[in-house]
Amino acid sequence: MSINLQMLHSYEGNYKNNLFFEKYSNWKDSDYSHRIYLQIIRVLRRQSISSQDLLQDSEGKPIEIIELSIPDLFGSYRPSYVIKILLSVQHVYEIRINTEYKKERILFYPSSSQSSAIMTFYFDKQRENDLTNILAKETEDIYLGNINSTMISALKER
């Protein structure tokens, strides 16, 4: 069974900037990040979700890291960790898109009840202002139902 994808469109939490929906709606088809994102999503959609809301492989074992060969800006393919579970919070994963100058991150959590990966935040990870822990905690709060949220479908079967 393939995973549906949903984006968090709006919510009432502590951090209201850089919602994934806002960034995704502004990506252009030719953007490198957009192309890599779609490649990662094709792999993510083939995964399944355990009853504990974790990604799992075909043998039912939890997935902590997904590695793919991703082209760099010059077209050379290199192995890269593209999805990684965050250990500081429950059930939160990050999609990792790295270029020479940017470390783009997209946070999400799997939901077995909705058969979906719920995309929450996009941000550019910067050494001096790393938002990973703050947004991971926000995502965990959304997952645990500690805030009100409205979700919309992001991608449909092609």
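The values are calculated or read from the model by the stated rules, or taken from the named source; none is laboratory data. Everything numeric here is computed off the predicted structure, so don't read it as measured data. Reconstructed Cβ throughout: ideal geometry from the backbone, glycine too, with neighbour counts over all protein chains shown. The protein model used for the area step is the full one, side chains on, heavy atoms only, and it has no ligands, DNA or RNA in it. Shrake-Rupley method; radii C 1.70, N 1.55, O 1.52, S 1.80 Å.
Residues in segment 86-97 that are in contact (Cβ under 8 Å) with a residue 24 or more places away in the chain and more than 14 Å from T120 (Cβ to Cβ): S88, I97. Quick one: would you say I49 is open to solvent by 20 Å² or more (accessible area, probe 1.4 Å), free of Cβ contacts under 8 Å to residues at least 24 places away in the same chain and not acidic (D, E)? So I49 does not fit the description; no.
Among the residues of segment 87-123, those identified as touching an Asp or Glu at 6+ places or on another chain (Cβ under 6 Å) and either assigned to a loop (DSSP other than H, G, I, E, B) or open to solvent by 30 Å² or more (accessible area, probe 1.4 Å) (or both) are V89, Q90, H91, V92, K102, S112. Selection of segment 61-80 for residues being farther than 30 Å from S50 by Cα, open to solvent by 100 Å² or more (accessible area, probe 1.4 Å) and part of a strand (DSSP E or B) yields only Y77. A count restricted to segment 29-46 and to residues that are free of Cβ contacts under 8 Å to residues at least 24 places away in the same chain and not in a helix (DSSP H, G or I) stands at 3. The number of residues in segment 124-138 being open to solvent by 10 Å² or more (accessible area, probe 1.4 Å) and either in contact (Cβ under 8 Å) with a residue 24 or more places away in the chain or assigned to a loop (DSSP other than H, G, I, E, B) (or both) comes to 9.
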